[in-house]
Every structure is written in structure tokens, then in C-alpha cells.
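A.B. asks: Mind having a look at this structure? Questions to follow.
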Amino acid sequence: MDVFFAVLQVATLALILTLLYRPLGDYMARIYTSSKDLKAERGFYRVIGVDSRVEQTWQSYLRGVLAFSVVGLLFVYLLQRIQAVLPYSLGLPAVPEGLSFNTAASFVANTNWQSYSPDVTMGYTVQIAGLAVQNFVSAAVGIAIAIALVRGFTRRESTTIGNFWVDLTRGILRLLLPLSMVGAVVLLVGGVIQNFNGFTEITTLSGGLQNLPGGPVASQEVIKNLGTNGGGFFNANASHPFENPNAWTSLFQNVLMLMIPFSLPRTFGRMVGNHKQGYAILAVMGTIFVASLTFLTLFELNGAGTAPELAGGAMEGKEQRFGIFASTLFGSTSTLTSTGAVNSMHDSYTSLGGMMPMLNMMLGEVAPGGVGSGLYGMLVLAIIAVFVGGLLVGRTPEYLGKKIGPKEIKLASLYILVTPTIVLLGTALSFAIPAVRADVESTSIWNPGIHGLSEVLYAFTSAANNNGSAFAGLTANTPWFNTALGVAMLLGRFIPIVLVLALAGSLAAQDKVPATAGTLPTHRPQFVGLLIGVTIIITALTYFPVLALGPLAEGLQ
Amino acid sequence: MSSSRSGIPHYWVALRAMLVLTVVLGVAYPLIITGIGQLALPAQANGSTETVDGGTVGSALIGQSSSDADGNPLPEWFQPRPSAAGEGYDGGASSGSNYGPENTDLIAAIEERKAQIAEFNSVNPDDIPVDALTASASGLDPHISPEYALLQVKRIAAERNLAVEDVRALVESHIQARELGYLGEPTVNVLQLNIALKALKA
């Protein structure tokens, strides 16, 4: 019976996403291909000094992305440093330097790793004017990069790939802001709070005292999910009843996290002029999603481990209103996208269950991945897949009419090496530098033994892949983690962006080659299988050894 | 090629864009949502509070302790789940325990809870449902399972000199089915149940 409810829940989600796929995907394609500016946009371009008709080379596009992100980084940093004098700061002091850097890097990089507990660190002004603004703009940047890459496939002998400022503006004004306005009202109906009340002390029914928090939560909760950001208004994130009051708001938040990433393949298919190419990408994403969700749910239902077996189930760190199914669905969605929000505590999952969110992130967050980043990550893997396919049959690989030459393969290879390098290096350094190791073991690690290694591995996996979820027992507000994870988030976000834009420029500059009998069709089940295989094998070979030291060792002991 | 008119540097464009976007997304947008919430949905926007005799006693969404000053559970109230938020149900410190499945502190805590709840309610330790033995994710879980609520009926009835049947009927009337019939799990809202309990006459 329970399994029936679980299947029905996933079926509802799938139905909603299916209904959204065409209209939302086509709408996004129109946003980024339209030659007309809205009136508000024209005003905005005038104020910031941009000519929307002028396109950019990939280098110029990249400079725009980086300039905008550096300004955002400084802005969020400064806001935190002057918190004491900002209005609605709840009497909270300035955020310390190291933590301010980490948080600024985190929100600009669309990661939303939180070394801090928001309840006692961030006032309302920093949350709405600093963090939530980055929730919008970092998401719009991600989609812009994906669109730029798709333009690389659609253009012939072109020196330009679009205009970053136009893509950024349209993503915000035509997509994220209107959807957020609607979504925020839906969340309000469900019981998510939206006020500036601060803490209210009340006398409980049995005569005790309790502080009830306030805050502009609904406006932030919606874009946190829609933009696959994940940073909670409260420490408990989407398990906090004021962020996620009931089972249907939880399902709605799943929809918010998945609607853009799962509809972008349609946008891609429309822009390259072949919807079947979009369906192939969608099939890869959907297959991996369902498989991963199934494994996590089975592990948690099984409830292996000393504590879950003693308690009679894996309910430590889970809310009664969600139970196991709504928790594993949210956890899978959150880590298969780049969101990193949680409605249950991943640190308390069963050993093998806790491995699944890690594995989801290690896949590179491509099923369906973050807004934009999921699509460009998957397209890079598709390039690797046609290359592998080309090697097997001895043909020059092509994808969507573009030759995949040495330059493209070098860029794609570098792309898939970046995050594993950061993850493994960061984890290794945490234990290899004696002074750091002492600090990590005495201050940061919460659970002793093997699980402690998993906490550190999870942290770097989450940071480098720009997810932001955590094995949250880890105390990350230390000089080492604030610095190392901050750097990991920035490198994990912006090195891949550099490579993807370079790839876009290189592809756009090529002419198209006609498909021949020797061309590997990239819209058939055969290619879907190949791409799934490439995605999993790359991850498995890279991460198996370290997983064997962490969650696998704990789960099999 | 520059994207900007008359070669304005990217940083200058970025700075101006960030300022305008902060005003739109960081000030206007949250204020509009706050306005909608306060005007159209004030009960939800302000935290779904519950009142008794005109005084606010809590939020329907936020669990609360029913313990004495030393942290001992008060037998005359339905007890919530264990909480890792501060000293328990601290509304300013939402948190799970974050204990892993093999953590010896967690194993000891579950054993202790099992013994305490069994004695407190005079029941067999094996009959205690899992939600009663485990801390929630938020530490503010307002709900318990129907099983855990029913398990507390006898104790409450004895403590308040009420008929067991009346208390059981009260619990059963407070069982909330899954949302839309299939989402999430069945729940009992502890604060709402305790408010109704307070009004129940022998």
C-alpha cells in the first residue's frame, strides 16, 4: 500500500513536469531567440549602458559573466560585513570575514552551501537584498551559459554567441521573476510565512516559553528552489515547517526545482531545430533520475544500520508529515539538480542511503542538473559520448552537424576533470595537512569513524559541484572549510563556465557538416544508452575508491 | 567587440546592473509578496498561530515541548517527538541531530527513549512507533504519528481523570490523513490535539 502511494506521488510529479515540458521549453526558446526587447528591458539597458542589438564573442560574453559575478561577490560580502547597521538585522552583528567570503562565494556560485546557521547569523536585509538577489541572478547566469552553448550548435561560421546582458536580463524578467511571484503566492497559501516580525516570544500551552521566528520566507523559498539554489532561510532548510509546511508544499517544491532543468532539453531541441535531440537528452536525464530515486528509497525503506534497526526505521532526521517517501524524493531531486535544499537530514540517512546524494552530485548534476548547468553539463557528456562512439566505429565524431575535433574534445575532457580534481584534492588535503587534519578531526567532524570521512567528502563534493547540501553535522564555520570550500565553489562554478563558453565559441565558428551514413544518430535509444553509460562510467571510475573508504565501507561492515 | 555602448567597461555595466537588480529583486519583489501575504493571507503569512482564550499559545506548524523546567515530560499532555533544536523545540535554533546510523550517542539515546517512553506510558518497548524514538529534521516537527498519539491515550486519561474512550475519540478526530489522500504520512498535530484536550470535560 505504501509503495502504491510512493509511485502515485512520483507519477503526479512526472505528469506535472510532462505537462510543463513543451510550453515552458518553447517559451524559454522564445525568450532567448526573440529579437524584441520589452519596454522595461529597454529602460534597463539604457541605465546599465548596453546595446541589446550588439552580440558578443565568447571572450566578451565571458568577461561579462565574470565581471557581473565579481561585483555580486563583493556586494554580498559587503552587505554581510555592514549587517550591524542595516535595517531589520534582528540585532545581529556583522558576519565575520571568513564566513562572509564563504557565503558570498556560495551564493554567487549558485551553490548555497551554508557554513552558518541562518537563524542566528543573517538578518532580513542580508537575506533579501543579498542572498535572494543572488538566487535570481546566479540562476539566470546558469541558463544564459547553457543557451550560449546551444547557440554554438545552431550557428554557422559565427564569431558571436549572443549578448550576456540580454540573456541575463531576459532570464530574470521574463522567466524567474514572474514564475517566482506565482510560486510565492502558492507557498503562502500552503502556510509559508512572509512577514518582518522578527522573533515573537509566546507562552506555550503547558506554560513554557518559545520564540517563534518570522521573516520574508515565501519570497525567498520559491526562488531558492526554482533557481536550484537551495540556501534555506532557516537552518533546518525545507524541513522547517515555516519553509515547507506540509506534504503538498513539499511536492510543489519538487516541481519548482525540476521544472526548468527538465524543460531545457525542449528549449535545446527547438533551438537546434530537432525536437528528437531534446527528447534523447530528456530520456537520459529521466532514466538516471528514476534509477537514483529508486535506490535511495529502497535503502531508506530497508533501514539498515544499528540505530535505524533499534528504532524500527530510518526516521532520524525526517519529518513525520513527509515520512520516508517525500523525504527521499526531495533528497534525490535536490542533489540530482544543483539545489541542495533538504527536507530531511542526509547525515542521518542509512549508510548506503547517504551515499546516493553524494553519487548524484558526483554524476556532475546532469540528471537533470541545475538550471542551465544541467543542460550544459549533459551536452559536454554528449560530446564525450559521440567521441567514444566515433572511436568504436572509426569515424570522425560529429554532434548536431558540428565536427568534434581535438579542440572540442580537449575542452570537454578538461570540463569533466575539473570537479573531481577539486573534490578529491580538497578531501585529501583536509586529512593530509597535519594542522588542518587536527582541526578537522577535533572541531569539524561530528560523527566519529568512517562517517566522519563521509562528512568531509560530502562537503567537497557538494561545494565543487555547486550543490550546497551537506552532511550537516560537519562544523564548516572554521578557517579551513570557509576558505577551502569557498575556493572550491568558485573554481567548480567558473572554470567549467570558461570551458563551456570556449566550446560554444569554437562550435559557432564552424560550418555545419551534412549528416552521412557514417554519422552516429544522436536521437535514438542506442545513443541514449551510450550517454547514460558514459555518464555513469566516468563517475564510477573517478569516485569508486573514495566511496569505498566512506559510505560503502560503513554500509557493508 | 564590446557589448556596451561606446565601450563602457564590463565592470561598470555589472555594477549598475547589480544595483538596479537589487532594488527590483531584493526590495520591490519581497515587499510585493509581503503585501499580498499580509492583505490576502494574513493567517498563513504570520505563522498560522493558535490562540486559547485570546492569547497566542504557539503555531500550528511549530512543535513545542510539554515539559517542566527540568525537561521532564509532563504526563498530562500529549508528548511530541524528540527534538534536536536547542534544548528542544527552540524556535530560534531549528536543527536535526545529524547523528549517523552507527553513531553510539544516537544508539544510546534511542535505547534511553525506548525505556523512558515504555515506563512513562506503561507499554511494551516493542510497541513504540519509530517517530517517538527519533529526532525530526527540523527539531520543530509539529506532528506525531497516529500510533504514537494513541499509545499515549491511557496515560493522559488516567492523569486527567477522563474516560479512556473520550480521549481516544479525541485523538481519532485529530488524525489527519495523507494530503490529497496519498502525499506524505498520516499525522496528528500535537498542539491542536492538546488544545482540544484542555477543553475536554470529564
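The values are calculated or read from the model by the stated rules, or taken from the named source; none is laboratory data. Just so you know, these numbers come straight off a predicted model, no measurement behind them. When we count neighbours, we look across all protein chains shown, and the Cβ atoms used for this are built from the backbone with ideal geometry, even at glycine. When the accessible area is computed, the model is the full protein with side chains, heavy atoms only, and any ligands, DNA or RNA have been set aside. Shrake-Rupley method; radii C 1.70, N 1.55, O 1.52, S 1.80 Å.
A.B. asks: Once the dipole of chain A is set up with Lys and Arg at +1 and Asp and Glu at -1 on Cβ about the Cα centre, which of A:L541, A:A432, A:V47 lies farthest towards its positive end?
C.D. replies: A:V47
A.B. asks: Using a/c under 1.5 as the rounded threshold, could you call segment A:394-441 rounded, prolate or oblate? The axes a ≥ b ≥ c are square roots of the C-alpha gyration tensor eigenvalues, and prolate needs a/b larger than b/c, oblate otherwise.
C.D. replies: Prolate shape, in that a/c is at least 1.5 and a/b is the bigger ratio.
A.B. asks: Enumerate the calculated ³J(HN,Hα) couplings along segment B:39-53 in order (Karplus 6.51 cos²θ - 1.76 cosθ + 1.60, θ = phi - 60°), each rounded to whole Hz, writing x wherever the residue is Gly or Pro.
C.D. replies: 7, 9, 9, x, 4, 5, 4, 9, x, 6, 6, 10, 10, 10, 6
A.B. asks: Let me know the Rg and Dmax you get for segment A:249-392 when you use only its Cα atoms, in Å.
C.D. replies: 16.8, 57
A.B. asks: Report, to the nearest whole %, how much of the accessible area of chain A belongs to carbon and sulfur atoms, 1.4 Å probe, protein only.
C.D. replies: 67 percent
A.B. asks: Then there is this: What percent do you get for the relative contact order of chain A when only Cα pairs under 8 Å and 6+ apart count?
C.D. replies: 20 percent
A.B. asks: Given a 1.4 angstrom probe, what's the average accessible area per residue across segment A:32-166, in square angstrom?
C.D. replies: For segment A:32-166, the per-residue accessible area is 33 Å².
A.B. asks: What residue among B:G55, B:G96, B:G63 shows peak mean-square fluctuation when chain B is described by a Gaussian network model with Cα springs under 10 Å?
C.D. replies: B:G55
A.B. asks: If the only charges are +1 at each Lys and Arg Cβ and -1 at each Asp and Glu Cβ, what is the size of the charge dipole of the protein assembly as shown around the Cα centre, to the nearest 20 debye?
C.D. replies: 4200 debye
A.B. asks: Here's a follow-up. Along the charge dipole of segment A:20-170, pointing to its positive end and built from +1/-1 on Cβ of Lys, Arg, Asp and Glu, which listed residue (A:Y61, A:G91, A:A109) has its Cα farthest out?
C.D. replies: Farthest along the dipole direction, towards plus: A:Y61.
A.B. asks: Let me ask another. Can you list the aspartates and glutamates whose alpha carbon is less than 16 Å from that of A:K512, not counting same-chain residues fewer than 8 positions off?
C.D. replies: A:E157, A:E398, A:E408
A.B. asks: Let me ask something else. Viscosity 0.890 mPa s, temperature 25 °C: Stokes-Einstein D of segment A:314-367 from its Kirkwood Cα radius, in µm² per second?
C.D. replies: Here the translational diffusion coefficient equals 223 µm²/s.
A.B. asks: Additional query: Can you tell me the alpha carbon radius of gyration of segment B:1-149 divided by the globular rule-of-thumb value 2.2 N^0.38 Å?
C.D. replies: Rg over 2.2 N^0.38 Å, computed on Cα atoms: 1.65.
A.B. asks: Stokes-Einstein diffusion coefficient for segment A:389-539 at 20 °C in a medium of 1.002 mPa s, Rh from the Kirkwood formula over Cα pairs: what value in µm²/s?
C.D. replies: Estimated diffusion coefficient is 119 µm²/s.
A.B. asks: Given axes a ≥ b ≥ c from the Cα gyration tensor, I'd like to know whether segment A:182-329 is rounded (a/c under 1.5), prolate (a/b larger than b/c) or oblate.
C.D. replies: It is oblate, given that a/c is not under 1.5 and a/b is not larger than b/c.
A.B. asks: Positive end of the dipole of chain A, charges at C-beta (+1 Lys, Arg; -1 Asp, Glu), about the Cα centre: which of A:G323, A:A517, A:S454 has its Cα farthest in that direction?
C.D. replies: Result: A:A517.
A.B. asks: Something else now. Based on the alpha-carbon gyration tensor of segment A:1-134 and its eigenvalue square roots a ≥ b ≥ c, which shape applies: rounded if a/c is under 1.5, prolate if not and a/b is larger than b/c, or oblate?
C.D. replies: Oblate is the answer for segment A:1-134, as a/c is 1.5 or above yet b/c matches or exceeds a/b.
A.B. asks: Per residue of A:45-55, count partner chain C-beta atoms within 10 Å of its C-beta, then hand back the mean as an integer.
C.D. replies: So the per-residue partner count for this stretch is 5.
A.B. asks: Can you give me the C-alpha center-to-center distance between segment B:131-202 and segment B:17-50, rounded to a whole angstrom?
C.D. replies: Here the two parts' Cα centres lie 34 Å apart.
A.B. asks: List the residues, sorted by chain then number, that are 5 or more residues from B:A85 or on another chain and whose placed amide H is less than 5 Å from its amide H.
C.D. replies: Amide H to amide H, under 5 Å and 5 or more residues apart or across chains, B:A85 pairs with B:D90, B:S95.
A.B. asks: For the residue pair A:L392 and A:T18, what label-to-label distance in nm results when each label sits 7 Å from Cα along the Cα-to-beta-carbon direction?
C.D. replies: Those two pseudo-labels are separated by 2.9 nm.
A.B. asks: Now for a different question. Given 4 °C and 1.567 mPa s, compute D for chain A with the Stokes-Einstein relation, Rh being the Kirkwood radius over Cα pairs; round to the nearest whole µm²/s.
C.D. replies: For these conditions, the coefficient is 55 µm²/s.
A.B. asks: Need one value: the accessible area of A:S413 in square angstrom, 1.4 angstrom probe, rounded to the nearest 10.
C.D. replies: Roughly 40 Å² of A:S413 is accessible to a 1.4 Å probe.
A.B. asks: Sticking with this structure for a sec: Which pairs, out of A:K318/B:K154; A:K39/A:K403; A:K224/A:K403; A:K36/A:K276; A:K39/A:K224; A:K224/A:K318, put more than 30 Å between their alpha-carbon atoms?
C.D. replies: A:K39/A:K403; A:K224/A:K403
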